[in-house]
Amino acid sequence: MSREATSTTGRRVGILALQGDYEAHARALCDLGARAIFVRRPEQLQEIDSLILPGGESTTMVKLIDAYEFEQPLREFHRRRRPIFGTCAGLILLASEITDHPEQMCLGCFDAGVARNAYGRQIESFETRLEAPLLGDKPLPAVFIRAPRIVRAGAGVEVLARLNGNSVLVRQENVLAASFHPELTADRRVHRLFLEMNSPDTAHRAG
Ligand code: GLN
């Protein structure tokens, strides 16, 4: 087993499990030896090291976040600098502005404006391969399903992959966000990157 695989073992990673494809994320985490915890109550945020906001339907998630009183606890989780990873609808929730739906609640965890369902009707869903140099030379398979587009990103946002010039995988401090669904392919490099953001080993190496 590689050192990277060992370093992710036992991480307690919460997955917000109110709606969406949270089970696919659990499988990805399980493959990497992390403990996936489905988060359905705000108190559970105290028991986890990091959090994934899955894909799904952001309007429905916002309603459930409101109904289960998750908004302030999620903001607090981010303030405590715990790593958070959002895919697709999860990326929308983490953004600082939803340009085509300015009334929709978002958490402002990374400095970006996003537009929902922005890749056009003919190609609402598609699979492609991305260059993501941080993850190695091998192209990264990526599934886009009614994906959001990052239309503006602040100076602090690091772009890890682009599609036709658009940022589709980004990181700002402890926040990782993907327009696509890495959990729906067998390639685990994006989840591994997220787990390493959570790893004391990584913090030690960086410090
Ligand atoms: N289009 C959805 C939204 O606006 C996101 C789609 C997805 O998560 N696959 O929330």
Open item on the list: Can you tell me which condition Gly136 does not meet? The list is (1) surrounded by fewer than 18 Cβ atoms within 10 Å (Cβ to Cβ); (2) in contact (Cβ under 8 Å) with a residue 60 or more places away in the chain, and all the others hold.
Closed with: (2)
Open item on the list: Just to confirm my filter: which helices (runs of 4 or more DSSP H) fall fully inside the stretch 1-109 and include at least 3 residues that are farther than 23 Å from Leu169 by Cβ and more than 16 Å from the ligand (Cβ to nearest atom)?
Closed with: 71-79
- [ ] Name the single residue, out of those in the stretch 84-109 being in contact with a helix residue (DSSP H, G or I) (Cβ under 7 Å, 6 or more places away or on another chain) and surrounded by 23 or more Cβ atoms within 10 Å (Cβ to Cβ), that is nearest to Phe180 (Cα to Cα).
- [x] Thr87
Open item on the list: Being within 9 Å of the ligand (Cβ to nearest atom) and in a strand (DSSP E or B) narrows it down to one residue among Phe144, Phe126; which is it?
Closed with: Phe144
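Which is charged (D, E, K, R) and more than 14 Å from Phe194 (Cβ to Cβ), of Arg171, Arg149?
Values: Arg171 fails: more than 14 Å from Phe194 (Cβ to Cβ).
From the options Arg171, Arg149, the qualifying one is Arg149.
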Task: Selected residue (only one of Gly33, Gly20 is crowded, with 17+ Cβ neighbours inside 10 Å, in contact (Cβ under 8 Å) with a residue 24 or more places away in the chain and on the phi > 0 side of the Ramachandran plot) - done: Gly20
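Taking the residues in the stretch 110-119 that are closer than 20 Å to Gly156 by Cα and either small (Gly, Ala, Ser) or within 14 Å of the ligand (Cβ to nearest atom) (or both) as candidates, determine which candidate is surrounded by the most Cβ atoms within 10 Å (Cβ to Cβ).
Restricting attention to the stretch 110-119, the residues satisfying the condition of being closer than 20 Å to Gly156 by Cα are 110-115.
Still in the running and either small (Gly, Ala, Ser) or within 14 Å of the ligand (Cβ to nearest atom) (or both): 112-115.
On the way: Ala112: 26, Gly113: 18, Val114: 28, Ala115: 18.
For the stretch 110-119, the residue satisfying everything is Val114.
When you scan the stretch 22-53, how many residues do you find that are touching a strand residue (DSSP E or B) at 6+ places or on another chain (Cβ under 8 Å) and of a type outside the set (S, T, N, Q)? Full working, then the answer.
Keep residues of the stretch 22-53 that are touching a strand residue (DSSP E or B) at 6+ places or on another chain (Cβ under 8 Å), which gives 22, 25-26, 29-30, 34-39, 44-45, 47-53.
Restricting the remaining residues to those that are of a type outside the set (S, T, N, Q) gives 22, 25-26, 29-30, 34-39, 45, 47-49, 51-53.
Number of matching residues: 18.
Any read-out appearing in this document is the output of simple, stated calculations on the displayed coordinates, not a laboratory observation. Keep in mind the model is a prediction, meaning the values are calculated, not measured. Quick reminder, even Gly has a Cβ in these numbers, built from the backbone with ideal geometry, and neighbours come from all protein chains shown.
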